[in-house]
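The values are calculated or read from the model by the stated rules, or taken from the named source; none is laboratory data. Since this is a predicted model, take the numbers as computed values, not measurements. Reconstructed Cβ throughout: ideal geometry from the backbone, glycine too, with neighbour counts over all protein chains shown. Surface areas here come from the heavy atoms of the whole protein model, side chains and all, with no ligands, DNA or RNA. Shrake-Rupley method; radii C 1.70, N 1.55, O 1.52, S 1.80 Å.
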Amino acid sequence: KVWSTINNTHFDPTFNGVDWNTVKIKYEAQLGNIKTNQNLTDLLNRMVGELKQSHLRIYPANAISINGTAPTDLPKTGNIGLDLRLI
């Protein structure tokens with residue numbers, strides 16, 4: 001799912017010069033060695049690390065909370081913090 005999401009939504013159609021299909025094959029072959037959720041998280045982070053983008057990382061759902069609230073429990077609305085005015 002992670003590979004497909006990046007494949008379908010990544011802003012750079014060249015994947016920063018990485019052959020993203022080869023990355024899929026490389027990491028898919030390693031899935032049989034996964035024993036824990038942490039092993040899976042580590043594998044997925046190595047996979048997305050192939051793109052060499054500093055702000056792209058995989059976090060397990062239980063690793064992130066905002067004031068004790070899981071992200072899945074937060075409202076789905078918000079803003080980007082930008083105020084645009086015509087002067």
Practice task
Tell me which residues, restricted to region 18-28, are in a loop (DSSP other than H, G, I, E, B) and open to solvent by less than 70 Å² (accessible area, probe 1.4 Å).
Solution key: 18
Practice task
Provide a single number: the residues in region 59-70 that are surrounded by 11 or more Cβ atoms within 10 Å (Cβ to Cβ) and either at pLDDT 85 or above or in a helix (DSSP H, G or I) (or both).
Solution key: 0
Practice task
Sort through 56, 51, 40, 31 and tell me the only one that's touching a Phe, Trp or Tyr at 6+ places or on another chain (Cβ under 9 Å), surrounded by 10 or more Cβ atoms within 10 Å (Cβ to Cβ) and of a type in the set (A, V, I, L, M, F, W, C).
Solution key: 51
